[in-house]
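Take a look at the structure below.
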Amino acid sequence: MRILFRKLGQIGWSLPVLVALLVLCVASVFVIISATYANDALRDAPGKQCGYILAGVVAYLALALTPYQQVVKIGPILYPISLALLIGVFFYRASHGAHSWIRLGPLSFEPAEFAKLTLILSLAWFFRVRENQMHKISTVLIALAITLIPFILIKKQPALGSAGVFIPVFLAMLFAAGARMHHLLLLMLLGLLGVGGYYLVSTKSDQSAQIAGVHNFQVDRIKSWVDPTVDKQGAAWQINQSMIAIGSGGLQGKVPLDYDTLSAMVGALRGKADVKSWMADTQTALGYLPKNTSYNDLIFSVVGELFGFRGGAVLIICEGTVLLWCLWVAAHARDKVGTLVAVGVMTMLFTHVFVNIGMTIQVVPITGIPLPFISYGGTFLIACLAAMGLVQSVWVHRKNFERR
Amino acid sequence: MLDDDNRVQGWRLGVLALLVFAAMGVLLSRLWNVQVTNSESAVQRSEEQTTVKARVAPARGAICDRNGVMLAENRPSFDIDFYLDDLRRDYAQSHRGRMPMLHFPPSKNGKQRPDEIDIVEIVKESIEPIKDTLGLTAPLNEKEIREHFRTDRDLPYHYMTDLDFATVANFEERNLGMTGIRISQNPARQYTYGAFAAHILGYVGKPDNQNEHLSSDGTPYETVGRHGIEAIMDPQLQGQPGSVLQRVSSQGYYIGKPLQSNDPTMGNTLYLTIDSRIQYIAETSMRDAGVGRGAVVVMDPRNGDVLAMVSIPSYDPNRFIPKITSKDWDALNQDPTAPLYNRALHALAPGSTYKIMVALAGLKSGNVTVNTEFDCPGAIQIDDHLFHNSDSAAAGTMSLVHAICVSSDVFFYQYGIKAGIDAIDSMGKLAGFGHKWGLLGDADEDAGILPGPDWMKENDAWLKKTHNIDHWSRAQTANTSIGQGFVLVTPLQMATFLCAVANGGTVYKPRLYSHVVDYKGDVQATMPEGEVYSNLGMKPSDLKAVQEGMREVVEEGTGTAAQVPGVALAGKTGTAQAHIKVGGEVRRDLKCWFYCYGPFETPRYVVCVVVEGGQWGGTTTAPIVQKIMSRLFAMEKGAPENVAFLQPAEGNFNGSTTDETHPWDTTAKTGDTDSTADSTDASATTPAADLPPIPTSARSSGMKHAH
């Protein structure tokens, strides 16, 4: 018991990030109420999200208080389990055109999110094992193989966006683990050449649909990102509507953040007020933001429309605080494993934040990945909070912890 | 060991931190750019896509007769409308943005027309599941839908119009909120009495050109006047469209109350000078007489108001509402009797009715007087040509009044020559011959021909080519004097001239409409009553003599069939030779005229009737005038004339004949001494009626109407 209190006493520099996480999670509930306004099938989403947050907090606390070294140790055991789950999804019927879910009775979850965590743990474990062979190309190649197996399985679902997260996580951890720069550069160069060649072939060819491994709509999304005027009603619909929603939010947003709105939001959460009172006439409410993505992938568009630049900036700063804190923890980790875990989690979250927000404001193409701590969805939220628990653990068990 | 590690990792973590800072910076600056710098255009786009401005069609102003009887008005039409853009949007939503596209082959000059959304396919798919239950049975006009989608996609496309109550009820009951398909109530034109006054009223239709007929909000009117009064008074009759601005969801549903709405205004009501009872008398009198082609003009000689204007055959303008079928349209256009053509404004050879004008011209010139006598043998020699009297019988010596009464050709040959073509010409100009009155727009009115040396000079080349004539001859003056040869006059011109004869010499501009009144009842514009065009400038005694001659025509001359008991009338018969082509065959087709005014002492009515393909003016036309006049005076005394719905009058060529030995050329006469100049042997230099200069026959088949 004493040690538990001692661990809680170690929070210190992690206070700001706890505040940021609290802001993000509370905000997510209100944003989801607003985003699901036009979607009758998701009336209970805000309530469920509250449950997911609670479950995530439990996971966070549990992991924060467990020494991360013990968790990393079971990485090699979790890795094959996650691969098995990723294969398992193909035995379930596809929803929205992708095999992403595993359903066990009332429970259903996305193994891909779980796989992101196990990859971080596995790579951390592997680099710890090969601590003295980091300069060898074999280390790099084996790590690449560890990454590519789940990557390919997820891309098969197909969920290119989600799979794409694995690459930066792998690169950043490799980088932080001390791999040689020319190995890294070579990897990146080969990767870029591969992707570039893919894109060139797919845009030049008239039968882009027939290019192996890339789905037509994926090419369309990239094309519409380059030029949203191409097909306003088709592929570019999402990006256009996102830009309209965010742009029309302006500096202030369409919803005043005053007492009335806040109490209406709380009332709506308790089923005692009408969401309409603050949502009237917004792009979101009128259904122009695609109603089946506005609560997850395009949720930042809702934030931008309702709360304007001020709301969006607060959100970005909160997420940025979380990311920088992860690096801060990495720098103060007790050992290399701790550093790698923190860097891995940071990179995973960073990729999600940058791509998710970036796609809504036309910085990157539209891909289907959610915004950490904000998007609706249990698996991902719990995974993110669990990941934050891991990093918290690295902080709690940092190097001068036992010297005191 | 640990310290070593951390030293290595230190800069690497720094790099990652920089990356995070940079990325957050990129997101923040981009967000600022989108939400603050470029917010306005997004606000505008948002407003554009979340609001729909629906246009509310204005109601067209009514057309009334002089007493306020509605001749053209509006009735509600229940239409099934397609909102094509809504259908398109709904389709995009339910098909994940995949749209059926139309691909065009590259054109000859190598330009590739961009692909287009196949809206017809979308419409088809959208109505497929509901078309049987909702009764959406009408065939889709693909071309029209595509055109509408290209040009007016914000306006509803009227898919089915004029639904019956059962269809409306069925639709309202079972329509489960189908996006983009709605029932709406639109004003539709209705011509209360069918074919009644069809040629005056005209009809409405869709505009030919989307860029013309723009309303105040810059959008084209859905309905514009296409013919007749509807066309020429279109700017007055059009109302201003209203609009409703509504918030619309991405599915196309209207959300909440209209944000803004402007009511449409109704167009102005136009008052005609037509008296519907008189028009009805004229219409039914012509139908009762079985006239196959002809016209009536009734005017008020005191001010030039047109009281009735009838053209036979006619059509029902209601067939044009909302849209004439191509079958009906082809039938109307291919009918050789040309039911769309307004014969009251169509120039014909006037025959002996022209003698009244010649008589006035001679008296005014002073070259002849009322008492000038001419010897009238059966035929006389003029410039090497023998000119016959119509009955080729010698009648001794006579003066003007009796010559009018018996319509002696030989008298007027000599009288005209003595008066001189210049006198005839200038009197014709005063009377308004050879000039369009422009009642219904210049396009549908003939100017007619007032022949003379001046006219000949103007049409020099044409005359040489077609008739081999290069100078004006006495023979032509003689022929003109009996209303043959080149002379062409419209029934309206004749009636207008007769008004002047009846009222003492004032030529009033004929007037067809008097004023327009806006929906509040305020008079917006007026057409002055009794606007004077000219004065014939006759000495009262001279005019009196001509009037007397015309009275004798009815009393004991060629027009006795027009007598109305108890009312003295003055009139003149006329029968002009003409030929027409029917089905490639040239036929003789007599234009039988009668025009008269009454009562003789205080003239209130001028009636001019022409029947094409009749027998003689005195026997074919005068009885019709008699009917009209007697009903007019009976009406004045209180006899009811109940205006009723009229079916179109059918046209025919019954009176025209291929028989070159018309009864009239034989010596056996029936006492009718109506005049004609027989062109067949009169003279080679008198083209007379042998395929008249302006090919009236061509009008029957070759006239073009705007659809």
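Aspartates and glutamates within cross-link reach of A:K7: Cα-Cα under 19 Å, excluding same-chain residues under 8 positions apart?
A:D335, A:E402
Specify the angular offset, from 0 to 90 degrees and rounded to the nearest 10, of the alpha carbon long axis of helix B:421-431 from the longest principal axis of the alpha carbons in chain B.
With both axes taken from Cα atoms, the answer is about 50 degrees.
Would you be so kind as to identify which of B:I449, B:P648, B:G225 lies farthest towards the positive end of the dipole of the protein assembly as shown, taking Lys and Arg as +1 and Asp and Glu as -1 on Cβ and the Cα centre as origin?
B:G225
What is the percent carbon and sulfur in the accessible area of segment B:488-534, measuring with a 1.4 Å probe over the protein chains and ignoring ligands?
Heavy-atom surface of segment B:488-534 belonging to carbon and sulfur, 1.4 Å probe: 45 percent.
What residue among B:M101, B:Y83, B:I63 has its Cα farthest toward the positive end of the dipole of segment B:59-211, where the charges are +1 on Lys, Arg and -1 on Asp, Glu, each on the Cβ?
Selected residue: B:M101.
Rounding to the nearest 10 and keeping the result within 0 to 90°, find how far the Cα-based axis of helix B:540-555 lies from the longest principal axis of chain B.
With rounding to tens, the tilt is 90 degrees.
At what distance in angstrom do the alpha carbon centres of segment A:147-201 and segment B:557-575 lie from each other?
Centre-to-centre distance over Cα atoms comes out at 109 Å.
Defining a contact as two alpha carbons under 8 Å apart and six or more residues distant in sequence, what relative contact order in percent does chain A show? Spell out each step's value before the answer.
Numbers: 576 pairs, mean separation 118.7, N = 404.
About 29 percent, as a whole number.
Shape verdict for segment A:47-153, please, from the Cα gyration tensor: rounded (a/c under 1.5), prolate (a/b greater than b/c) or oblate.
Oblate.
Mind checking A:321-332 for the average number of partner chain beta-carbons within 10 Å of each residue's beta-carbon? Can you show the working numbers first?
On the way: counts 1, 0, 7, 5, 0, 3, 7, 2, 0, 6, 7, 1.
Average neighbour count from other chains, rounded to a whole number: 3.
In debye, nearest 20, what is the charge dipole magnitude of chain A about its Cα centre with +1 on Lys and Arg Cβ and -1 on Asp and Glu Cβ, if you could check?
Working: 31 positive and 18 negative charges, 288 e Å.
Approximately 1380 debye in magnitude.
Could you work out the helix-only [θ] at 222 nm for chain B, with each DSSP H run of four or more residues adding -39,500 (n - 2.57) and the total divided by the number of residues, to the nearest 500 deg cm²/dmol?
Helix-only estimate at 222 nm: -10000 deg cm²/dmol.
Choose one of B:V410, B:Q626, A:T351: the residue whose Cα lies farthest towards the positive end of the charge dipole of the protein assembly as shown (beta-carbon charges +1 Lys, Arg; -1 Asp, Glu; about the Cα centre).
The listed residue farthest towards the positive side: A:T351.
Chains A and B: how much accessible area gets covered up at their contact, both sides added, probe 1.4 Å, in Å² to the nearest hundred?
Heavy-atom accessible area buried at this interface is about 4300 Å².
Can you tell me the dipole magnitude for the protein assembly as shown around its Cα centre, using point charges on the Cβ only (Lys, Arg +1; Asp, Glu -1), in Debye to the nearest 20?
7960
Can you give the calculated 222 nm mean residue ellipticity of chain A, where each DSSP H run of n ≥ 4 adds -39,500 (n - 2.57) and the sum is split over every residue, rounded to the nearest 500 deg cm²/dmol? Don't skip to the answer; put the middle values down first.
On the way: 17 runs with 264 residues, N = 404.
That calculation yields -21500 deg cm²/dmol at 222 nm.
Exposed loop sites here are chymotrypsin sites (Phe, Trp or Tyr not before Pro) in DSSP loop states with at most 15 other C-beta atoms within 10 Å. What is the longest stretch of chain A lacking them?
Result, exposed sites excluded: A:93-400.
Restricting things to Cα coordinates, could you compute the convex hull volume per residue of chain A in Å³?
Convex hull volume per residue, Cα atoms: 152 Å³.
At 7 Å along Cα-to-Cβ for each site, give me the label-to-label distance between A:A55 and B:K520 in nm.
Taking the simple label geometry, A:A55 and B:K520 are separated by 7.0 nm.
Please report, in debye to the nearest 20, how large the charge dipole of segment B:270-379 is about its Cα centre when each Lys and Arg carries +1 at its beta carbon and each Asp and Glu carries -1 there. Provide the component values of the computation, followed by the final result.
Details: 10 positive and 11 negative charges, 36 e Å.
With Lys and Arg at +1 and Asp and Glu at -1, about 180 debye.
Residue by residue through B:37-43, how many Cβ atoms from other chains fall within 10 Å of the Cβ on average?
Mean shielding count: 5.
At 20 angstrom or more along the helix axis (alpha-carbon based) and mean Kyte-Doolittle of 0.5 or higher, what helices does chain A contain? Whole DSSP H runs only. Intermediate values should be presented prior to the final figure.
Numbers: long enough: A:15-35 (29 Å, 2.89); A:45-65 (30 Å, 1.28); A:111-129 (26 Å, 1.15); A:137-155 (26 Å, 2.37); A:181-204 (34 Å, 1.27); A:299-331 (37 Å, 1.68); A:336-360 (36 Å, 1.43); A:378-396 (26 Å, 1.81).
The answer, listed by residue number, is A:15-35, A:45-65, A:111-129, A:137-155, A:181-204, A:299-331, A:336-360, A:378-396.
Among the listed pairs B:K323/B:K436; B:K509/B:K581; B:K429/B:K544; B:K436/B:K591, give every one whose C-alpha distance is greater than 24 Å.
The answer is B:K323/B:K436; B:K509/B:K581.
What is the distance in Å between the Cα centroid of segment B:591-627 and that of segment B:238-270?
Each part's Cα centre sits 54 Å from the other's.
Could you work out, residue by residue across A:169-175, how many beta carbons of other chains sit within 10 Å of that residue's beta carbon, and then give the average as an integer?
Taking all residues of A:169-175 together, the mean is 1.
Let me have the relative contact order for chain B, percent, based on Cα pairs under 8 Å that are six or more residues apart.
Across chain B, relative contact order equals 15 percent.
According to a simple spin-label model (label point 7 Å from Cα along Cα-to-Cβ), what is the distance in nm between A:E131 and A:V364?
Result for the modelled spin labels: 3.3 nm.
When we measure straight from the Cα of A:K136, which aspartates and glutamates land under 18 angstrom away, once same-chain ones fewer than 8 places off are left out?
Straight-distance partners of A:K136: B:D5.
Which one, A:Q252, A:Q392, A:Q283, has the greatest fluctuation when you compute a Gaussian network model over chain A with C-alpha springs under 10 angstrom?
Maximum fluctuation in the GNM of chain A, among the listed residues, is at A:Q252.
Setting aside same-chain residues fewer than 8 positions from A:K254, which lysines have a Cα under 30 Å from its Cα?
The qualifying lysines are A:K48, A:K232, A:K272, A:K276, A:K291, B:K53, B:K257.
The values are calculated or read from the model by the stated rules, or taken from the named source; none is laboratory data. Just so you know, these numbers come straight off a predicted model, no measurement behind them. With ideal geometry, Cβ positions are generated from the backbone for all residues, glycine too; neighbour counts draw on all protein chains shown. Keep in mind that these areas ignore ligands, DNA and RNA; they rest on the heavy atoms of the full protein, side chains included. Shrake-Rupley method; radii C 1.70, N 1.55, O 1.52, S 1.80 Å.
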